[in-house]
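**Q** Structure in structure tokens, see below.
The values are calculated or read from the model by the stated rules, or taken from the named source; none is laboratory data. Because the structure is a prediction, the values reported are computed rather than measured. Cβ placement follows ideal geometry from the backbone for every residue including glycine, while neighbour counts extend to all protein chains displayed. Surface accessibility is based on the protein's heavy atoms, side chains included, excluding ligands, DNA and RNA. Shrake-Rupley method; radii C 1.70, N 1.55, O 1.52, S 1.80 Å.
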Amino acid sequence: MIETPFIPLAIAVGVIVLLSVFFYFVPFFLWLSAKVSGVHISLMQLFLMRIRNVPPGIIVPSLIEAHKAGLRNITRDNLEAHYMTGGHVQRVVHALVSASKANIDLPFEKATAIDLAGRDVFEAVQTSVNPKVIDTPPVAAVAKNGIQLIAKARVTVRANIHQLVGGAGEDTILARVGEGIVSSIGSADSHEQVLENPDSISKLVLRKGLDAGTAFEILSIDIADIDVGKNIGATLQMDQANADKNIAQAKAEERRAMAVATEQEMKARAQEARAEVIQAEAEVPKALAHALREGNMGFMDYYKLENLKGDTAMRENFSKLGKNDITEIIK
């Protein structure tokens, strides 16, 4: 009977598939690497990690790193539990090793709590060993003489490991430093005083304890640059003067409008009075005619009245003439 060539090929493919599945669920080489490094872990534990969806490629190297660094209190169960809660296992182990080498007291529980709080615990350890410099944005403040100053500061901070959980971040540090700069410049009598002693700003700000309740410890505050801005006092005085001028103009316009209204009212009253006089004068001839008809007034009385009116009109005309006109009339 002749053996077909497909049977050995199928057997070989089946063996390869079985070996691939075996080495996937039972990472033999990771187990061998752990044994060589002195980490005690069984193949069954590695198989169960696969069943629990915990990658052995993260847990085993982290155990080896911790074991080589002398961290004997870190166990497989601790790392698995931290991974399953969403933590960064490798980052935590790196932080613990760095803290151990730098003689920083950082328990495993504290490191995992910092990591689960959303902070980079490894970066925090590095910042605690190597302080970090934070540049503040330009801060504008006005001295008592009204001159504006624009200052930039460099804040040197060190991570406070014990305040990383629940402590405020860099934004709070920048806000407090900016507030301190504004307060320091605002309390100065003149801008020249601040320009002569810029270190007075940093000294005053440091005395306020701005790092309280934050995840950092402020080591120093240095004024990197300070510039002279606008004359805010003069600008405010000009604005106040313009406002006073506008108010005065508005009040003057109001008085002028009232005066115009009063004048128009007086003119209206004068016209009414003239109308009444004209109306009264129109009644005089009627009254004279009636008096003549009734016999209450004689012809000579009327003649004397007309003479009196003529004399009155003449006197009024003379009163309107000047001295030269009167002289010419006499001549």
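**Q** Mind checking the full-extension length gain between Ile247 and Ala81? Use 0.36 nm per residue of separation minus the Cα-Cα distance, one decimal, nm.
**A** 52.3 nm
**Q** A follow-up question, please. Ignoring any ligand, DNA or RNA, what whole percent of the accessible area of the stretch 106-259 comes from carbon and sulfur when the probe is 1.4 angstrom?
**A** 51
**Q** Rank by packing, highest mean first: peptides 128-140, 145-157, 246-258, 200-212, with packing defined as the count of other Cβ atoms within 10 Å averaged across residues.
**A** Ranking, from highest mean packing down: 145-157, 200-212, 128-140, 246-258.
**Q** Moving on. Highest mean first, how do 223-236, 111-124 rank when packing is the count of other Cβ atoms within 10 Å averaged over residues?
**A** By packing density, highest mean first, the sequence is 111-124, 223-236.
**Q** Which order do peptides 47-53, 160-166 fall in by mean Cβ count within 10 Å, highest first?
**A** Result, highest mean Cβ count within 10 Å first: 160-166, 47-53.
**Q** Karplus couplings for the stretch 103-116 from phi (6.51 cos²θ - 1.76 cosθ + 1.60, θ = phi - 60°), rounded to Hz, Gly and Pro as x?
**A** 3J(HN,Hα) across the stretch 103-116, in whole Hz: 6, 9, 6, 9, x, 4, 4, 5, 5, 5, 5, 5, 5, 5.
**Q** Can you compute the charge dipole magnitude of the stretch 61-202 about its Cα centre, using +1 on each Lys and Arg Cβ and -1 on each Asp and Glu Cβ, nothing else charged? Give it in debye, rounded to the nearest 20.
**A** 400
**Q** Considering amide H positions built from the backbone, and no H for Pro or chain starts, which residues 5 or more places from Thr214, or on another chain, come under 5 Å of its amide H?
**A** Close amide H contacts, sequence-distant or interchain: Ala168.
**Q** A further question on this structure: Amide H neighbours of Ile134 under 5 Å, at least 5 residues apart or on other chains, H built in the peptide plane: list them.
**A** Val155, Thr156, Val157
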